[in-house]
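Bear in mind that the values in this text are calculations on the coordinates, not laboratory data. Since this is a predicted model, take the numbers as computed values, not measurements. Please note: Cβ atoms are built from the backbone with ideal geometry, for glycine as well, and neighbour counts cover all protein chains shown.
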Ligand SMILES: [Ca+2]
């Protein structure tokens, strides 16, 4: 099923990139300045062409990479065999001084495994494919969150972002002062730790854990004999680069030959964005190749473990920001030099089948260099002396994306994904201002939808979500067939459902707390401290949230009881359940009216939106008009979100909404909601 998608001179293109004089900070030819504010997905089929998407193919490794500068696979393999034969006793000894590896970590922005070595026939990625032939390829590697700051907050803390309350993109949340970030532990172990250059942590206080973090940060600046840990972030595959630069009309793959995923309508804009994105992936691959060549030329390759991964999936619409594979599954390649080949679970070029996720990375670094693993780190080391028993699944989460609220949790194992939508009343795709601004494909998809030219699959992205999703990935790589109600798979679905609940409870997930309540509930401590305390009844809350989002009117008695609960988070979920039931929550109307005077703004906000369905829009809007002026930014933002959906539901005229928001002095990202609402005709 390989497709004849290469129309030009791809090898010459790739080779030229190798010899481009790339110097730090790896100056890239960009259509516009890189904007780290980001988000993202793609789609359709061509009649005469097979509709199998790239990621459904079996990967084929290059027999010989085009980069002769890279160490030949044979040498690595022989080294591996020799070392394995000799290593036995050494493998159990603690690592010492010069025995410690350097670590070079190359991360690229917003890309799913669009690599030849991951089986994508539309990809042209010779350098990373060569690296894959020398290293380990992880088939089931996941960013725990499908967006930059949340994924990176997980990495830098070694904890699930939802445990710490740093899951909302973007935010600044305090974490316990004693929780050191992983570069601080590397430095304590004697490493020179650098970051070139994106940080994007949702942590208050502007933490500075690195020896150097800038576009000049480089391992070459380390002390004599000092081991290093160096991150290089490649932005060429970022969603801001999806659109072809002005004037670009030719692409390695002609847009009309691109195979689209079935969830995207077939439009010229979407085809152009895909064609351009594959070109950007090839540029990114060249930059990764330059970093690898630089390591080789410095004589450091034999002493350095190389990691390569995407920072989350994407970058086209329904990729980034999306909990499915298209947003969370990433390529992960790890090359272990012969000195550390004994840590490899498979031979070079092989696949590793154990699921891993970002929370596991920091503890794996510690395990590889022989540093102690702090107790509060939540990952499992998957390489090195402290390698843990493999995971059978990963835990995934999505919270607020810039100016739009949503709460989604999922678990994924090798075969299946179970998703719980805790905001099923909101669509998967909202009016995110950033991707709508930078991606013609996003605008094009939405325009096709609003014009009624999308099929059922393509329309689903813009509609409210089911409460639960369950997919078997074999034969359904795009996760389009929701099998949640299929009795044939009930046992598997139930098993994953239980794992998700267990993960939420074990981590005391803070994402069930409305963001606007964080400061008040945390008080002078942190929201993590609050959530870890008995004041946070996580089991009651998740059970209620499951009822509230079920769309089952039979849950109304439990929801009404919750409206009278002394705990604000319980009242919030009770009111949210009434909102999701729409007119069916009429018996709770009087109590919802009373909640317009609740002590917590987030409770008032959901009660107000629910009352739109009960003929009480005037009272609801009067309440919201006060909250949008709140100095507490996240309360105001939640109210602005609600105003949009009251307008969409026909419960608030847009002119009235606009009069409520026109003169507000708002800051990022609430000002995006304001601009959007004022732009509605
Ligand atoms: Ca990113």
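With a Förster radius of 25 Å, plug the Cβ-Cβ distance of residue 664 and residue 204 into 1/(1 + (r/R0)^6) and report the FRET value to the nearest 0.05.
It comes to 0.55.
Could you give the angle, 0 to 90 degrees to the nearest 10, between helix 617-627's Cα long axis and the longest principal axis of the Cα atoms of the chain?
Helix 617-627 and the main axis of the chain meet at about 50 degrees.
Divide by every residue of the chain the summed helix terms, -39500 (n - 2.57) for each DSSP H run of at least 4, and state the resulting mean residue ellipticity at 222 nm, rounded to the nearest 500 deg cm²/dmol.
Mean residue ellipticity, 222 nm, calculated: -10500 deg cm²/dmol.
Could you tell me what fraction of 2.2 N^0.38 Å the Cα radius of gyration of segment 478-523 comes to, as a two-decimal ratio?
Relative to the rule-of-thumb radius for its length, segment 478-523 sits at 1.70.
Expressed as an acute angle from 0 to 90° and rounded to the nearest 10, what is the orientation of the C-alpha long axis of helix 538-548 relative to the principal long axis of the chain?
That helix lies at roughly 70 degrees to the long axis.
Once R0 is set to 41 Å, what does the formula 1/(1 + (r/R0)^6) return for the Cβ-Cβ distance between residue 388 and residue 480, expressed as a FRET efficiency to the nearest 0.05?
Plugging the Cβ-Cβ distance into 1/(1 + (r/R0)^6) gives 0.75.
Rounded, prolate or oblate: pick one for segment 126-175, where a ≥ b ≥ c are the square roots of the eigenvalues of its C-alpha gyration tensor, a/c under 1.5 means rounded, and failing that, prolate if a/b is larger than b/c, else oblate.
Since a/c reaches 1.5 and a/b is larger than b/c, the shape of segment 126-175 is classed as prolate.
Rg(Cα) of the chain divided by 2.2 N^0.38 Å?
0.96
Under a point spin-label approximation (7 Å from Cα along Cα-to-Cβ), what is the residue 472-residue 681 distance to one decimal in nm?
That separation, rounded to one decimal, is 4.8 nm.
Give me the percent of DSSP beta bridges within the chain that run antiparallel, rounded to the nearest 5.
Expressed as a percentage, antiparallel bridges in the chain total about 50.
Run the numbers on segment 573-641 and let me know its relative contact order in percent, using alpha-carbon pairs under 8 Å that are six or more apart.
Taking the mean separation of contacting Cα pairs over the length of segment 573-641, I get 27 percent.
Put a dot 7 Å past each Cα toward the Cβ at residue 583 and residue 376; how far apart are the dots in nm?
5.1 nm
Within a 10 angstrom radius of the beta carbon, how do 386, 681 rank from fewest other beta carbons to most?
Fewest-to-most ranking of 386, 681: 681, 386.
Could you run the Debye sum over the Cα atoms of segment 120-262, one equal point scatterer each and no solvent, and tell me log10 of I(q)/I(0) at q = 0.13, 0.17 Å⁻¹, two decimals?
-0.80, -1.15
With an 8 Å cut-off on Cα pairs and a minimum separation of 6 or more residues, tell me the relative contact order of segment 564-679 in percent.
The value is 19 percent.
Determine which residues of segment 283-315 fall in the zone a paramagnetic label at residue 226 would reach in this model, i.e. backbone nitrogen under 20 Å from the point 7 Å along Cα→Cβ.
295, 298-301, 303-305
Taking neighbour Cβ counts within 10 Å as the exposure measure, how do 228, 436 sort from fewest upward?
The order, fewest Cβ neighbours first, is 436, 228.
Give me the extension gain from residue 172 to residue 459: residue separation times 0.36 nm, minus the current Cα-Cα distance, reported in nm with one decimal.
99.9 nm
Just grab the label-to-label distance for residue 626 and residue 214, each label 7 Å out from Cα along the Cβ direction, in nm (one decimal).
Simple spin-label model gives 5.0 nm for this pair.
I need the shape label for segment 564-679. Rule: rounded when a/c is under 1.5, else prolate if a/b > b/c, else oblate, with a, b, c from the alpha carbon gyration tensor.
Oblate.
Can you tell me the 0 to 90 degree angle between the C-alpha axis of helix 73-87 and the longest principal axis of the chain, rounded to 10?
Around 90 degrees separate the two axes.
Given contacts defined as C-alpha pairs under 8 Å and at least six residues apart, what's the relative contact order of the chain, whole-number percent?
About 15 percent, as a whole number.
Neighbouring Cβ atoms within 10 Å as the yardstick, rank 533, 149 fewest first.
Placing the least packed residue first, the sequence is 533, 149.
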